[in-house]
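Engineer: This is the structure I have questions about; it appears just below.
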Amino acid sequence: MTEKKVNPQDPDLEKYRSLLGEEPEACEACGGALALEKVNLEDYQGGKLYMMEAVPAYVCQECGEVWVPEPLMEEFEKMIATAKAKDTANVPTKNKKERKK
Ligand SMILES: [Zn+2]
């Protein structure tokens with residue numbers, strides 16, 4: 001496992017800052033201090049692994065719990081939905097389901 005400390009002035013983080021919303025003050029699990037770090041989000045759905053790299057999230061310095069801001073989870077879910085839509089377009093399936101928003 002690699003751990004990278006990020007500079008809060010990191011331009012990538014700046015890009016996400018508007019999405020981050022309010023900063024949590026402490027870990028909800030243990031009350032430890034949180035630091036903004038880049039993490040990789042992963043989700044395994046329908047036999048496929050979806051990943052979003054270098055996403056800013058709050059990492060507890062005590063217990064290691066990762067708190068991903070809600071707007072970023074939404075971005076990640078959108079990305080998965082887009083990737084899935086591409087897959088279904090390429091691979092015709094009999095019981096194709098329409099996903100409505
Ligand atoms: Zn914690």
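The values are calculated or read from the model by the stated rules, or taken from the named source; none is laboratory data. Just so it is clear, the model here is predicted, and its values are computed rather than measured. Virtual Cβ from ideal backbone geometry, glycine too; neighbours counted across all protein chains shown.
Engineer: So, of the residues in region 45-71 that are part of a loop (DSSP other than H, G, I, E, B) and among the small types (Gly, Ala, Ser), which turns out to be nearest to residue 30 (Cα to Cα)? Give the steps one after another, and end with the answer.
Structural biologist: Initial filter on region 45-71 (part of a loop (DSSP other than H, G, I, E, B)): 46-47, 61-65, 68-69.
Pick out the ones that are also among the small types (Gly, Ala, Ser) and you get 46-47, 64.
Numbers: 46: 33, 47: 34, 64: 10 Å.
Checking each candidate, the answer is 64.
Engineer: So, in region 45-59, of the ones that are more than 16 Å from residue 79 (Cβ to Cβ) and of a type outside the set (Phe, Trp, Tyr), which residue ends up modelled with the highest pLDDT?
Structural biologist: Filtering region 45-59 for residues more than 16 Å from residue 79 (Cβ to Cβ) gives 47, 58-59.
Then drop every residue that is not of a type outside the set (Phe, Trp, Tyr), which leaves 47, 59.
On the way: 47: 91, 59: 95.
Out of the qualifying residues, it is 59.
Engineer: Quick check on my filter: what residues within region 25-56 are away from the ligand (no atom under 16 Å from the Cβ), more than 20 Å from residue 84 (Cα to Cα) and of a type in the set (A, V, I, L, M)?
Structural biologist: 54, 55, listed by residue number.
Residue by residue, here is whether (1) part of a strand (DSSP E or B); (2) modelled with pLDDT under 75; (3) surrounded by 13 or more Cβ atoms within 10 Å (Cβ to Cβ) holds:
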{"residue": "4", "(1), (2), (3)": "no, yes, no"}
{"residue": "9", "(1), (2), (3)": "no, yes, no"}
{"residue": "23", "(1), (2), (3)": "no, no, no"}
{"residue": "31", "(1), (2), (3)": "no, no, no"}
{"residue": "39", "(1), (2), (3)": "yes, no, yes"}
{"residue": "43", "(1), (2), (3)": "yes, no, yes"}
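Engineer: Let me ask something else about it. In region 54-66, which residues are under 19 Å from residue 10 (Cα atoms) and either touching a residue at least 40 places away in the same chain (Cβ under 8 Å) or not β-branched (Val, Ile, Thr) (or both)?
Structural biologist: 54, 56, 57, 58
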